[in-house]
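Undergrad: Starting off with a structure, shown below.
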Amino acid sequence: MVTTIAPLVLDDAAVLGRLHNALWRSTYAGLLSAEVLAARDDASNVRRWQERARAHEESGVSREGGRTLVAHDRAGAPIGWATVGLPRDASPPTPVELWSLYVAAEHHGRGIALALVAAALPDAQAAHLWVLVGNDRAISFYRKLGFVPDGVTEHDDAVGADDLRMVRGV
Ligand SMILES: CC(C)(COP(=O)(O)OP(=O)(O)OC[C@H]1O[C@@H](n2cnc3c(N)ncnc32)[C@H](O)[C@@H]1OP(=O)(O)O)[C@@H](O)C(=O)NCCC(=O)NCCS
């Protein structure tokens, strides 16, 4: 169970960089091509997370303007995160986008994702997000929190698959 949810710091970065890739591989197997999944490299992803964490320690957000909150287990190890920021859509349906939400598989179904979203988007505020078509567990989870698909989909050229948009509070 979570002991803390706190802003991203440099000490979290190495674990999160590797966890991010591991969760990509397990979540998107069968949804993305094997080539796309194999192209993710742990060392470069850890460097990206270190850069992101340094920016958070300096200014509270990443260079791109995302704010990441990290959940830790009782021993203090990072086990998941949520990132929110300004919408990246051309015509955003709400003023805030949930950019990213990932929890280590062994902690699924324990309320940690719920706690992360509650901390990142307090008071069930209006927000939206993009999720890969076929990521049924995530879609079920977001529905429980009041997000519904608004019918907008987009092809993500970088990964060769479709995302759908889910919106809450409009
Ligand atoms: C999405 C995520 C954060 C949700 O956290 P979680 O702890 O798994 O969420 P919960 O267990 O509270 O809710 C998931 C719901 O999906 C249901 N579910 C489980 N497997 C499912 C499946 N294969 N298909 C559909 N629904 C499923 C669960 O039963 C649960 O609903 P319930 O509470 O009514 O039983 C977590 O699964 C995760 O990190 N996944 C990998 C990364 C990811 O997909 N992130 C989202 C990117 S947009």
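Undergrad: Quick one: compute the contact order of the stretch 4-124, relative version, from alpha carbon pairs under 8 angstrom and 6+ residues apart, as a percent. Intermediate values should be presented prior to the final figure.
TA: Values: 176 pairs, mean separation 31.3, N = 121.
After rounding, I find 26 percent.
Undergrad: Among Val117, Ser59, Met166, flag the residue with its Cα farthest along the positive direction of the charge dipole of the chain, charges on Cβ as +1 for Lys/Arg and -1 for Asp/Glu.
TA: It is Val117, whose Cα lies furthest towards the positive end.
Undergrad: Determine one quarter of the surface area of the Cα convex hull of the stretch 66-170, which equals its mean projected area, and express it in nm² to one decimal. List each step's numbers first, then the result.
TA: Values: hull surface 27.9 nm².
Hull-based average projected area comes out at 7.0 nm².
Undergrad: Give the calculated FRET efficiency between Ala75 and Leu23 to the nearest 0.05, with a Förster radius of 22 Å applied to their Cβ-Cβ distance. Mind showing how you got there, number by number?
TA: On the way: r = 20 Å, r/R0 = 0.89.
Efficiency at R0 = 22 Å is approximately 0.65.
Undergrad: Moving on to the next point. Over the Cα atoms of the stretch 4-124, how large are the radius of gyration and the largest Cα-Cα distance (Dmax), in Å?
TA: For the stretch 4-124, the Cα-based Rg and Dmax read 14.4, 42 Å.
Undergrad: Using per-residue counts of other Cβ atoms within 10 Å, averaged over each peptide, order 61-67, 8-14 from highest down. Don't skip to the answer; put the middle values down first.
TA: Details: 61-67: 15.9, 8-14: 18.9.
Packing order, densest peptide first, comes out as 8-14, 61-67.
Undergrad: With a 10 Å radius around each residue's Cβ, average the other Cβ atoms per peptide and rank 108-114, 83-89, highest first. Intermediate values should be presented prior to the final figure.
TA: On the way: 108-114: 14.6, 83-89: 16.7.
Highest to lowest by the protection proxy: 83-89, 108-114.
Undergrad: Relative contact order, percent, of the stretch 47-118 when contacts are C-alpha pairs under 8 Å separated by at least 6 residues?
TA: Working: 92 pairs, mean separation 16.0, N = 72.
Relative contact order of the stretch 47-118: 22 percent.
Since every read-out is calculated from the coordinates, none of them should be taken as a lab result. Since we're looking at a predicted model, the values are computed, not measured. Backbone-built Cβ (ideal geometry, glycine too); neighbour counts: all protein chains shown.
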